[in-house]
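Enquirer: Mind having a look at this structure? Questions to follow.
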Amino acid sequence: MVVNPVGAVNIYDGAVPRIITATVGIGTTGGQLMFFSGANNLLSSGLDSYSTGSIRVAGAASGALFNGLVITPGLSASGTNNYVALAQNGTYVVTSAGTILAGEKVMANGGDAVVSVGNTAASGGWAIGRALSPAGSEGYVIVNLFG
């Protein structure tokens, strides 16, 4: 896992951060790319059956499996069933898994990093955002998440 050692670094949120709360079933830390893995409980047709723990996430997101970036700092790397905050929109510093040019669309690569959608080795997914800065492999890139 190649996650930014300082966690999720927010550049700006565009005044619409769209942050959701979920529980996590694996050890996690800020800056990880996660995907929804199911519900903790069955929901009825009404809102009375929903709680903030109803949505469960897992990682590492890849390809078509991406639902948010963990912004909760300081969680135990081995703890599970913690509540986490996931950003689905905004601009963050994210680890790059390959050379990325500013302006390119990026997708989750499965290792808590992003890769250029144009990278033929990373086919089978879709864009989660657009790079606002260039980056080399194992570097850092500013990504605007689409949400």
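Any read-out appearing in this document is the output of simple, stated calculations on the displayed coordinates, not a laboratory observation. Just so it is clear, the model here is predicted, and its values are computed rather than measured. All Cβ positions, even for glycine, are placed from backbone atoms using ideal geometry, and neighbour counts span all protein chains on display.
Enquirer: If r is the Cβ-Cβ distance from Leu101 to Ile20 and R0 is 25 Å, what FRET efficiency results, to the nearest 0.05?
Expert: On the way: r = 30 Å, r/R0 = 1.22.
After rounding to 0.05, the efficiency reads 0.25.
Enquirer: Grab the beta carbon distance between Asn81 and Ala127, set R0 = 25 Å, and tell me the FRET efficiency rounded to 0.05. If you can, show how the numbers build up before the last one.
Expert: Details: r = 31 Å, r/R0 = 1.25.
That gives a FRET efficiency of 0.20.
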